[in-house]
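Engineer: Dumping the structure here so I can ask a few things about it.
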Amino acid sequence: MSKKIFAFFLGIIFILSFVTIAISQMDKEKIDDLYAQVELFSYALTTIQSEYVDEKTPKDLIYGSLRGMLSSLDPHSQFLEPDDYTDLKTETKGEFGGLGIEISIRDGLLTIISPIEDTPAWKVGLKAGDRIVKIEDELTKDITLNEAVKKLRGAPGTSISITVIREKEFKVHEFTIVRSVIKVQDVKDTQILADNIGYIRLTEFREDSAEEFRKAIKSLRDLKADSLILDLRNNPGGLLNVAIEITEEFLEAGKIVVSTRGRRSSQTSETKSRPSDTKITNWPTVVLINEGSASGSEILAGALQDNKQAVIVGTQSFGKGSVQSVIPLPDGSGLRLTTSKYFTPSGASIHEKGITPDVVVEEIYKEEDEGKGKNNEREKKKKNIDKLFEDVEVQESEDPEKVKIEQKAKERREMLLADNQVLTAISVIKGIRIYSTFEINN
């Protein structure tokens, strides 16, 4: 027997070993059906190995089979070759190369869940819900997530062209984006907006997010905040355990955070909040979500909504509510396999449905400067006056860099106070405060 044939049959034995594990958990009728299908699979493999026009290695055939098998399940399950498996293990570290977008397959199309703030994708104007129809000159029809990630990533400084369809506008947009190293800052814009109302923007759930969130809450307490707007818009999720840990900060001990349900009892669980000294259960809270809020963001929003701990404001979230387990294989490759689905404390499924806000508020996009007439002229004059005073402040300050940072924070605050969804959140919190005084008086 040649070495190639021997290696080929080793590959078949490798597959059969996994079949044996599966068989131990099946009834007789299913076992008989599985054996019949494995026999068919083995026959097809040996036929391709001997008859296909170009010689293929056993590894090529086995890997190809696994890729097809996993991609036929759902958009989130995939076979990971050794290099891909290694890359996946580094994705949660908060720094990686690429464009700065989270992607998924929705309705058979490559879809942007969310652009990550302050990344190349964000700066050129990509939006949650954009459908990527071309990468360079190649159509993305039938592309897998793994293939798309490989095409989109590349060396920092290199450029890539993508074509997207923006369904809300019925327009096709073309973008050329320069790749860079993506450094994710999880907790941003911690500040007081108005009337002791604190604001935190949480962009993703990564390794240090929970600790950074607690630091942000402490800084707001020091600034005399007594309520919170938590902005999860365009937060695509991240690490489940971190999302749960942050959610626990809002809930009394023993409250349901999230449940998962799978086919096996080991894949079904219910997570309850643990005791903590840093909880903010007495703060009136509004959570902002939109179509770019997914996965961990939806778990957090759903838990606070069902436990009556926050009012959810914004638009319907993305609906990515399935759990992927990463299972290593003996040769260094792996399976990313959907094993269960998320459910909110009330038992509602998140997957492909999302979270419906308590107060639905569509985002109002700012108009372009052109065509504003006199209003635009007045705005320009105001900016010029503001700039004049900025220059004076910098000249008089002993620390111009500090003034620059403070000015940037001021500009960010002004932008937020012009955001219609944020303004709605402020109004909701003020309403909660008034209602609370009625309860006390009664």
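Only the coordinates and a few stated rules stand behind these numbers; no lab work does. The model shown is predicted, which means the values in this text are computed figures rather than measured ones. Please note: Cβ atoms are built from the backbone with ideal geometry, for glycine as well, and neighbour counts cover all protein chains shown.
Engineer: When a footprinting reagent is the concern and you count Cβ atoms within 10 Å, what order do E411, E117, E51 take, fewest first?
Structural biologist: With the sparsest Cβ surroundings first, the list reads E51, E411, E117.
Engineer: Need the full-extension length gain, R412 to T176, defined as separation in residues times 0.36 nm minus the C-alpha distance. One decimal, nm.
Structural biologist: The span from R412 to T176 would gain 82.3 nm if fully extended.
Engineer: If you don't mind, another one. Check each of the trypsin sites (Lys or Arg not before Pro) in region 195-254 and keep only those in coil by DSSP with at most 12 other C-beta atoms within 10 angstrom; list them in order.
Structural biologist: K224
Engineer: Further question: Taking amide H atoms as placed 1.01 Å from N in the peptide plane, list the residues 5 or more away in sequence, or in a different chain, whose amide H sits under 5 Å from that of V258.
Structural biologist: T271
Engineer: With r defined as the distance between the Cβ atoms of D33 and E167 and R0 fixed at 60 Å, what FRET efficiency is calculated, to the nearest 0.05?
Structural biologist: 0.90
Engineer: Taking the Cβ of each residue in V326, V286 as the centre, tally the other Cβ atoms inside 10 Å and list the residues starting with the fewest.
Structural biologist: V326, V286
Engineer: If you look at just the Cα atoms of region 95-183, how large are its Rg and its Dmax in Å?
Structural biologist: 11.8, 34
Engineer: Now for a different question. With Kirkwood's inverse mean 1/r over C-alpha pairs for Rh, give me the Rg to Rh ratio of region 164-263, two decimals please.
Structural biologist: Numbers: Rg = 17.5 Å, Rh = 16.2 Å.
Here the Rg-to-Rh quotient is 1.08.
Engineer: Still on this model: State whether region 31-141 is rounded, prolate or oblate according to the following rule on the C-alpha gyration tensor (a ≥ b ≥ c being the square roots of its eigenvalues): a/c under 1.5 gives rounded; otherwise a/b larger than b/c gives prolate, and the remaining case gives oblate.
Structural biologist: On the way: a/c = 2.34, a/b = 2.28, b/c = 1.03.
In terms of gyration-tensor shape, prolate.
Engineer: Just to check I understand the Karplus step: with θ = phi - 60° and J = 6.51 cos²θ - 1.76 cosθ + 1.60, what whole-Hz values come out for region 70-80, glycine and proline as x?
Structural biologist: 6, 5, 7, 7, 6, x, 9, 8, 7, 8, 10
Engineer: Shifting gears a bit: Kindly state, to the nearest 0.05, the FRET efficiency for D83 paired with S325, given R0 = 22 Å and r defined as their beta-carbon distance.
Structural biologist: Computed FRET efficiency for D83 and S325 comes out at 0.65.
Engineer: Let me ask you something else. So if R0 is 45 Å, what FRET efficiency would S427 and S266 give, r being the distance between their Cβ atoms, rounded to the nearest 0.05?
Structural biologist: 0.50
Engineer: What list do you get for Y435, Y63, Y342 if you sort them by fewest beta carbons within 10 Å?
Structural biologist: Details: Y435 10, Y63 16, Y342 22.
With the fewest neighbours first, Y435, Y63, Y342 line up as Y435, Y63, Y342.
Engineer: Which shape class applies to region 187-360: rounded if a/c is under 1.5, otherwise prolate when a/b exceeds b/c and oblate if not, where a ≥ b ≥ c are the square roots of the Cα gyration tensor eigenvalues? Could the numbers behind the result be given before it?
Structural biologist: Values: a/c = 1.81, a/b = 1.66, b/c = 1.09.
Prolate shape, in that a/c is at least 1.5 and a/b is the bigger ratio.
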